[in-house]
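Here is the structure we will look at, set down as structure tokens.
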Amino acid sequence: MTEQLLTDEARSELLALHDWDELVFGGFYCLHCTPDDELSLDDPIWWPCQPLREAGVTDDEAREVIAAYRQKVADEYQAKLEAEKREGQRKADEFNSRYPVGTPVMAYPGARPEKFPNEKRLQTRTRSVAWTLGHGEPVVMVDGYAGGIALTHVDVIKKPDATEVERRLLTRENLSAVDDWLDQVRVFAKGYWEDVDGKLTVTGLRIGSDYQNRVVAKFGDTIVRHTDGTHTVRRVIEAGEAS
């Protein structure tokens, strides 16, 4: 009995060591026995390999291992999909509870303006309640566009604050013009630099010389000037307004 248990333990260790992968053209090869070089798949070591067969792994057992793995992957995918559907429905329900049909929005059918400031944008209003697609993405319909737009590409246009004097949408293209706009009221501003893919890059403006009161506007954000001469920033996700 002890010998059998040791054998079973050894076989389990061998199965873990001699893992497998599936070839594009069919069949399975041993990741451990097949040489790890660019030419290895021209002559793969088929799975179950000789060490596994010597340990008593049969073709039927090999098929059971593969079937169990595939079922695990399918179960994990289904669980992830169901979780994404629940989260998408939660976001749709939350949007519907806060914003009725007809709410003014800025919609970005193609891409958000953070990285693509010249992409199409629509200042419009919703014409449906939000709902979820089959994979869980929450969407809503707007006037002037056929089909649903993802809620992540829709910004609700908020009513302006009574203290607001002027607003400017900051983009990579109008950086100098916005800097001049701030200079006209003697507000210090300079480029805001960040590491982007390992390279220091200007990603917006740092506004104000006072360290504690200065604000940073990134490309796609809206800079708001107030009656008291201060400036605030509306992040792109909450701005929802055109330049």
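The values are calculated or read from the model by the stated rules, or taken from the named source; none is laboratory data. Computed from a predicted structure; not experimentally measured. Note that we place each Cβ from the backbone using ideal geometry, even for glycine, and neighbour counts take in every protein chain shown. Just the protein is used for accessible areas: all its heavy atoms, side chains included, with ligands, DNA and RNA removed. Shrake-Rupley method; radii C 1.70, N 1.55, O 1.52, S 1.80 Å.
Things worth noting here:
- Total lysine pairs under 23 Å (Cα atoms) in the range 133-224, excluding pairs fewer than 8 apart on one chain: 5
- Sequence of 159, 199 when ordered by accessible area, the most exposed leading, probe 1.4 angstrom: 159, 199
- For residue 80, the lysines whose Cα comes closer than 30 Å to its Cα, not counting residues fewer than 8 places off in the same chain, are 72, 91, 115.
- Using the Cβ of residue 27 as centre and a radius below 13 Å, the other residues enclosed give a net charge of -3, where K and R count +1 and D and E count -1.
- By the helix-only formula, in which each DSSP H run with n ≥ 4 contributes -39500 (n - 2.57) and the sum is divided by residues, the chain has a 222 nm mean residue ellipticity of -10000 deg cm²/dmol.
- Candidate residues 225, 186, 121: accessible-area rank, largest first, probe 1.4 Å: 186, 121, 225
- Probe 1.4 Å - accessible area at residue 116, Å² to nearest ten: 120 Å²
- On the range 133-243, 50 percent of the accessible area sits on carbon and sulfur atoms, based on a 1.4 Å probe.
- Using a probe of 1.4 angstrom and keeping all protein chains present, the accessible surface of the chain works out to 64 square angstrom per residue.
- Once all protein chains are placed together, residue 216 keeps about 30 Å² accessible to a 1.4 angstrom probe.
- In Å, descending, principal axis extents of the Cα set of the range 122-204: 49, 41, 19
- The orientation-averaged shadow of the Cα convex hull for the chain, equal to a quarter of the hull surface, comes to 22.8 nm².
- Accessible area, probe 1.4 Å, largest first, for residues 167, 11: 167, 11
- For residue 174, no residue 5 or more places off, or on another chain, has a built amide H under 5 Å of its own.
- Cβ crowding within 10 Å averaged over residues, with 57-65, 129-137, 105-113 ranked highest first: 105-113, 129-137, 57-65
- Accessible area of residue 176 in the full protein assembly, 1.4 Å probe (Å², nearest 10): 80 Å²
- Considering only alpha-carbon pairs that sit under 8 angstrom and 6 or more positions apart, the relative contact order computed for the chain is 13 percent.
- Rounded Å value of the spacing that divides the Cα centres of the range 57-125 and the range 176-236: 34 Å
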